[in-house]
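Since the structure comes first, as C-alpha cells, the remarks are kept for the end.
Please treat every number below as a calculation from the coordinates, not as lab data. Bear in mind that the values here come from a model prediction, so they are computed numbers and not experimental data. Don't worry about glycine lacking a Cβ; one is built from the backbone with ideal geometry, like all the others, and counts go over all protein chains shown.
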Amino acid sequence: MTQRGRATRTTGRPRGGQAARVGQTSRGDLAARRERLRSVITPVVQDAGYDLEDLAVSRAGRRHVVRVIVDADGGINLDAVADVSRAISAALDAAEESGGDILAGEYQLEVSSPGVDRPLTLPRHWRRNVGRLVRVTVRGGAAGQPGGDRQVIGRVVEADAERVVLEVDADRAEWAYADLGPGRVQVEFTRLDELAESEDVDDDDDDDVEDEER
C-alpha cells in the first residue's frame with residue numbers, strides 16, 4: 001500500500017504592482033474569482049497528469065490566499081508539488097498579463113497533496129485508498145437489504161467506477177457509491193509502529209553490509 005503524505009509549497013508575490021483592495025470581500029466575489037482561477041489552473045494540473053481535487057480562495061489581510069489540492073494514482077511527492085506550483089504560478093502570471101483580472105493585489109499560492117483527513121467522495125478517492133481502513137455511513141443498511149443508515153468501519157479491498165468492496169469483521173460486503181456517504185480514512189497506530197520497526201531492521205541490515213565491505 002502506498003504511503004500518502006502531505007507536501008506543501010507556498011509562494012507570494014505582488015501582482016503587477018497593484019495594491020490589494022482593502023475591505024471585506026463578498027462571497028459572490030470570491031466565488032467568481034474561484035471560477036476564473038479554476039479555468040486557468042485546471043488545464044495546468046491536468047497537463048501535468050494530476051487531478052484537481054479542490055480549489056479554495058480566501059482573504060488574509062490585504063492579500064488573497066489560493067489553496068490548491070492535487071492528487072494522482074500512487075500519490076504525489078514534494079518535488080511534484082513544487083513543479084506544479086511553479087506551473088500554476090506561471091499560468092496565473094500569463095493570464096493576468098493577457099488582460100484577465102484573475103487576482104487583484106498580492107496573493108499567496110499554496111499547493112498540496114490531500115491529507116488523510118480528506119473525505120472520500122469520488123470513485124478515484126476510494127481506488128487510491130485500497131488497503132486502508134475507512135469509516136463510512138451506509139445508507140439503507142447492508143447492500144440490498146432494508147434498514148436505516150449505519151456506520152461501518154472496514155478495509156477497502158476493491159474499488160472501481162461503480163462500487164467499493166469493504167472487508168468488515170473478516171467478511172466482505174459490496175456497496176454502490178450512491179449508497180455510501182463520504183468515507184474517512186482511519187489512522188492505524190499499530191501499522192505505523194510496524195512500519196517503524198521494519199525501517200529499523202532495514203537500517204541494521206545496511207550497517208551489516210557496510211561492516212562487511214570494510
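How large is ³J(HN,Hα) for each residue in region 105-112, as worked out from phi by the Karplus curve 6.51 cos²θ - 1.76 cosθ + 1.60 (θ = phi - 60°), to whole Hz, x for Gly and Pro?
For region 105-112, the Karplus curve yields x, 6, 9, 10, 9, 10, 10, 8 Hz.
Taking the number of other C-beta atoms within 10 Å as the exposure measure, put SER112, SER98, SER39 in order starting with the fewest.
With the fewest neighbours first, SER112, SER98, SER39 line up as SER98, SER39, SER112.
Output the antiparallel fraction of DSSP beta bridges having both residues in region 68-178, as a percent to the nearest 5. Could you put the intermediate results ahead of the total?
Numbers: 16 of 18 bridges.
Close to 90 percent.
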